[in-house]
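Undergrad: Below you will find the structure I want to go over with you.
Bear in mind these aren't lab numbers, they're just calculated from the coordinates by the rules spelled out. Remember, predicted model here, so these are calculated numbers, not experimental data. Glycine gets a Cβ as well: all are built from the backbone with ideal geometry, and neighbour counts include every protein chain shown.
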Amino acid sequence: MADVSMAQIARRGVGGLFDARGRDDRMQYWLFLILVFGPLVVLQFIIQFALTIPPLDLVMATRPGVPAAGAPFLQHQFRAMVTVTYASLGLHLLGALLLLTATARRLHDRGRGGWWALALPGAVFATGLGQARRMAEMAERMPQILAEIEKKVRPDFADLLSFPAKMQASAEPDWPSVLGGLILLWLVIELVRAGTAGPNRYGPPQR
């Protein structure tokens with residue numbers, strides 16, 4: 001697909017949001033993916049920045065050697081992380097839905113049925129929901145986390161930031177997320193491979 005502009009790729013992608021017929025080659029698909037997810041990633045960073053930056057008074061109140069002073073800061077961070085995780089899930093699922101028919105056409109280019117494209121939003125939802133559940137469970141374990149902080153002789157700001165990561169690492173595996181991740185891995189491998197040479201049952205290669 002030589003000498004094809006981004007505008008042409010965008011027109012084909014947007015114009016084909018409800019049309020899964022035909023074939024899309026790798027350049028068409030991956031550049032359209034960037035056009036879809038690029039703005040969503042920027043929006044995600046804006047949301048994350050707006051929600052996770054703690055108020056100055058909470059930061060100033062977090063003093064080494066005073067465990068109770070860090071409790072409001074930690075509670076704010078947990079609430080923000082849960083909200084950001086669910087917002088990210090929604091944005092990623094939106095992007096997956098926008099790419100649904102383009103993914104079907106890319107799979108057609110590989111000679112595979114377009115119905116396999118439904119694995120994309122399903123896998124994204126499974127992995128994202130699993131992560132969101134883990135964050136919500138961590139928020140519910142807030143009393144345990146605060147108790148751990150109070151046991152330390154001189155907890156500091158770094159201790160407060162490290163506890164969420166430690167709690168998440170100690171959580172049980174979320175098997176739907178693991179399965180969703182494996183499906184996404186298989187799908188990515190298929191989507192990066194070259195299409196079949198010449199016409200197949202879904203039509204000729206994209207020109």
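Undergrad: I want to check the label-to-label distance for Thr52 and Glu140. Put each point 7 Å from Cα in the C-beta direction and report it in nm to one decimal.
TA: 2.3
Undergrad: Express in nm, to one decimal, how much length is gained between Trp115 and Phe45 on full extension, taking 0.36 nm for each residue of separation and deducting their alpha carbon distance.
TA: Here the segment from Trp115 to Phe45 would lengthen by 22.0 nm.
Undergrad: Given a Förster distance of 30 Å, report the FRET efficiency between Ala10 and Ile189 from their Cβ-Cβ distance, rounded to the nearest 0.05.
TA: Working: r = 26 Å, r/R0 = 0.86.
Taking R0 as 30 Å, the efficiency between Ala10 and Ile189 is 0.70.
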